[in-house]
Amino acid sequence: MMLTRRALVAGGLAAPAILSLGSRARAATTLKLSHQFPGGTLEEGDFRDRMCRKFAMALAESSKGALEVQVYPGSSLMKTNAQFAAMRKGALDLSLYPSPYAGGEVPELNIGLMPALVSSYEQAIAWKKAPVGRKLTEILESKGIVLVSWVWQAGGVASRERPLYAPADAKGLKVRGGSREMDLMMKQAGAATLSIPSSESYAAMQTGACDAVITSSTSLISFRLEELGKALTSGRERSYWFMLEPIMMSKLAFDRLPKDQQDLIMAIGAELEPFGQAGAKADDTKVEEIFTKAGAKVQNLDEKTLGQWRDIAKDTAWKDFAGKSAGCAELLKLAEQVS
């Protein structure tokens, strides 16, 4: 199945963005998709919102109006951290959700932002079909979540004042890392940490509660952190920060659908993965241009510095994660096999 031209026509700006095909959708099953990222259109804005809109339009077209998706950007339907639990309970159908945000409920999901475990897109994309991807899919399904569309994003560091480049730079900084494991690595390097969604990063930097934010290139752009940051450590060439941010679906909602509609959801999710990865890579370049134009100092990690971060990560985050459970230890071992 290929996405049709009609399925990818421009969408509106409203929140929720109700993406359907007019009168044909009157008898449709309506699914709600919530995410934390700024809303836009099919052609403009945060690629994660665009990906959700493309998913909705393609699903409406391919199901001949039997399935309608309402997209709620900017956490307009519910707060960011509530979305995962809501999917597990069947109170929310879908979300494009940063996997480690749910690490408190399902510890295994913290592997989706394990510092220095993944350092390239090629390595990240290989997870889906590798044993680690199959195991993670199995674990999530047992917790009530279906992985619909795999998306990985590289991340960088925006700093209010001095750059956060090498481990020695972390001492004395208040850093937002994005996961428990990232925080463990940063603490070992001498930083203090705070746990907030990326959507709260601007306010935290603006008030001085946070000196440096580590997040995806796309979030660095979408949340306008170049307005506050004087330095950027880019993730374009290599990074210790790669996050799995997939489109997830409530298994309760998924199981209520007939088999042909389930297959359609999974097929469209898979077809959109190249769009997601292309969007992430494009933003790795775009964020450098934006920060440079704003007058910030921009640097890319070299292999030696990445190795320094990896050494700290292995002794802290990796060790802590593997000690949580046999399942976590197995996942880490399987992930290390993907190079």
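Output the residue which, of all residues in region 112-151 that are assigned to a helix (DSSP H, G or I), touching a Gly at 6+ places or on another chain (Cβ under 9 Å) and among the aliphatic types (A, V, I, L, M), is surrounded by the fewest Cβ atoms within 10 Å (Cβ to Cβ).
Of region 112-151, the ones assigned to a helix (DSSP H, G or I) are 112-113, 121-125, 131-142.
Of the ones still in play, those that are also touching a Gly at 6+ places or on another chain (Cβ under 9 Å) are 112-113, 135-136, 139.
Add one more test, that the residue is among the aliphatic types (A, V, I, L, M), and what stays is 113, 136, 139.
Working: Leu113: 28, Leu136: 27, Ile139: 19.
Across region 112-151, the extreme among qualifying residues is Ile139.
Quickly run through region 280-339 and pick out the residues that are within 23 Å of Ala168 (Cα to Cα), touching a strand residue (DSSP E or B) at 6+ places or on another chain (Cβ under 6 Å) and among the polar types (S, T, N, Q).
Gln299, Asn300
Just to be sure before I move on: is Phe37 part of a helix (DSSP H, G or I), under 21 Å from Ser198 (Cβ atoms) and either modelled with pLDDT under 95 or among the aromatic types (Phe, Trp, Tyr) (or both) in the structure I sent? Give the steps one after another, and end with the answer.
Working: part of a helix (DSSP H, G or I): no; under 21 Å from Ser198 (Cβ atoms): yes; either modelled with pLDDT under 95 or among the aromatic types (Phe, Trp, Tyr) (or both): yes.
Considered against the rule, which asks whether it is part of a helix (DSSP H, G or I), under 21 Å from Ser198 (Cβ atoms) and either modelled with pLDDT under 95 or among the aromatic types (Phe, Trp, Tyr) (or both), Phe37 comes out as no.
Looking at this structure, is Glu289 at negative phi, of a type outside the set (A, V, I, L, M, F, W, C) and in contact (Cβ under 8 Å) with a residue 12 or more places away in the chain?
Spelling it out, it is not the case that Glu289 is at negative phi, of a type outside the set (A, V, I, L, M, F, W, C) and in contact (Cβ under 8 Å) with a residue 12 or more places away in the chain.
Just need a number here: residues in region 35-83 that are under 17 Å from Leu264 (Cβ atoms), open to solvent by 30 Å² or more (accessible area, probe 1.4 Å) and of a type in the set (Ser, Thr, Tyr).
Number satisfying all stated conditions: 1.
Kindly indicate the residue of region 86-108 that is within 19 Å of Arg256 (Cβ to Cβ) and assigned to a helix (DSSP H, G or I) and also most open to solvent (accessible area, probe 1.4 Å) among those meeting that condition.
Residues of region 86-108 within 19 Å of Arg256 (Cβ to Cβ): 86-95.
If we keep only those that are assigned to a helix (DSSP H, G or I) too, we end up with 86-89.
Details: Ala86: 12, Met87: 0, Arg88: 77, Lys89: 157 Å².
Step by step, filter region 86-108, then rank; the result is Lys89.
Mind checking whether some residue in region 300-308 is among the hydroxyl-bearing types (Ser, Thr, Tyr) and under 23 Å from Gly190 (Cα atoms)? Give the steps one after another, and end with the answer.
To start, the set of residues in region 300-308 that are among the hydroxyl-bearing types (Ser, Thr, Tyr) comprises 305.
Those left that are additionally under 23 Å from Gly190 (Cα atoms): 305.
Within region 300-308, one or more residues are among the hydroxyl-bearing types (Ser, Thr, Tyr) and under 23 Å from Gly190 (Cα atoms).
For Gly104, only one of the following conditions fails: (1) within 13 Å of the chain's Cα centre (by Cα); (2) at pLDDT below 95. What is its number?
For Gly104, the failing item is (1).
Return the only residue of Leu109, Leu113, Leu117 being touching a strand residue (DSSP E or B) at 6+ places or on another chain (Cβ under 7 Å), at negative phi and of a type outside the set (D, E, K, R). Spell out how you get there, then give the answer.
Values: Leu109 fails: touching a strand residue (DSSP E or B) at 6+ places or on another chain (Cβ under 7 Å); Leu117 fails: touching a strand residue (DSSP E or B) at 6+ places or on another chain (Cβ under 7 Å).
The conditions single out Leu113.
Out of region 163-178, which residues are of a type outside the set (Lys, Arg) and open to solvent by 10 Å² or more (accessible area, probe 1.4 Å)? Can you show your working first?
First pass over region 163-178, keeping only residues of a type outside the set (Lys, Arg): 163-170, 172-173, 175, 177-178.
Pro163, Tyr165, Ala166, Pro167, Ala168, Asp169, Gly172, Leu173, Gly178 - these are the residues of region 163-178 that are of a type outside the set (Lys, Arg) and open to solvent by 10 Å² or more (accessible area, probe 1.4 Å).
Residue-by-condition table, conditions (1) surrounded by 16 or more Cβ atoms within 10 Å (Cβ to Cβ); (2) among the charged types (D, E, K, R); (3) at pLDDT 95 or above:
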residue	(1), (2), (3)
Leu232	yes, no, yes
Ala253	yes, no, yes
Val287	yes, no, yes
Thr292	no, no, yes
Lys304	no, yes, yes
Ala335	yes, no, yes
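Test of understanding: among Glu226, Glu237, Glu245, which residue is open to solvent by 20 Å² or more (accessible area, probe 1.4 Å) and within 22 Å of Val151 (Cα to Cα)? Let's see the steps before the verdict.
Details: Glu226 fails: within 22 Å of Val151 (Cα to Cα); Glu245 fails: open to solvent by 20 Å² or more (accessible area, probe 1.4 Å).
Being open to solvent by 20 Å² or more (accessible area, probe 1.4 Å) and within 22 Å of Val151 (Cα to Cα) holds for just one of Glu226, Glu237, Glu245, which is Glu237.
List pairs: first residue in region 306-330 and over 14 Å from Trp241 (Cα atoms), second residue open to solvent by 20 Å² or more (accessible area, probe 1.4 Å) and acidic (Asp, Glu) anywhere in the structure, Cβ distance under 8 angstrom, at least six positions apart or on different chains.
Ser325/Glu108; Gly327/Glu108; Cys328/Glu108
Can you pull out the residues in region 306-333 that are open to solvent by 60 Å² or more (accessible area, probe 1.4 Å) and within 21 Å of Thr233 (Cα to Cα)? Explain how you work it out, then say what you get.
Initial filter on region 306-333 (open to solvent by 60 Å² or more (accessible area, probe 1.4 Å)): 308, 311, 314-315, 319, 323-324, 326, 330, 333.
Selection gives Gln308, Asp311.
Do we find that Leu164 is within 29 Å of Lys324 (Cβ to Cβ) and either assigned to a helix (DSSP H, G or I) or not polar (S, T, N, Q) (or both) in this structure?
Numbers: within 29 Å of Lys324 (Cβ to Cβ): yes; either assigned to a helix (DSSP H, G or I) or not polar (S, T, N, Q) (or both): yes.
Considered against the rule, which asks whether it is within 29 Å of Lys324 (Cβ to Cβ) and either assigned to a helix (DSSP H, G or I) or not polar (S, T, N, Q) (or both), Leu164 comes out as yes.
One line per residue, one yes/no per condition, for (1) at positive phi; (2) modelled with pLDDT of 95 or more; (3) open to solvent by less than 30 Å² (accessible area, probe 1.4 Å); (4) part of a strand (DSSP E or B):
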{"residue": "Thr4", "(1), (2), (3), (4)": "no, no, no, no"}
{"residue": "Arg24", "(1), (2), (3), (4)": "no, no, no, no"}
{"residue": "Thr30", "(1), (2), (3), (4)": "no, yes, no, yes"}
{"residue": "Leu33", "(1), (2), (3), (4)": "no, yes, yes, yes"}
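The values are calculated or read from the model by the stated rules, or taken from the named source; none is laboratory data. No experiment lies behind these values; they were computed from the predicted model shown. Here Cβ is always computed from backbone atoms with ideal geometry, including for glycine, and neighbour counts include all displayed protein chains. Quick note on the areas: whole protein, heavy atoms, side chains included, nothing else; ligands and nucleic acids left out. Shrake-Rupley method; radii C 1.70, N 1.55, O 1.52, S 1.80 Å.
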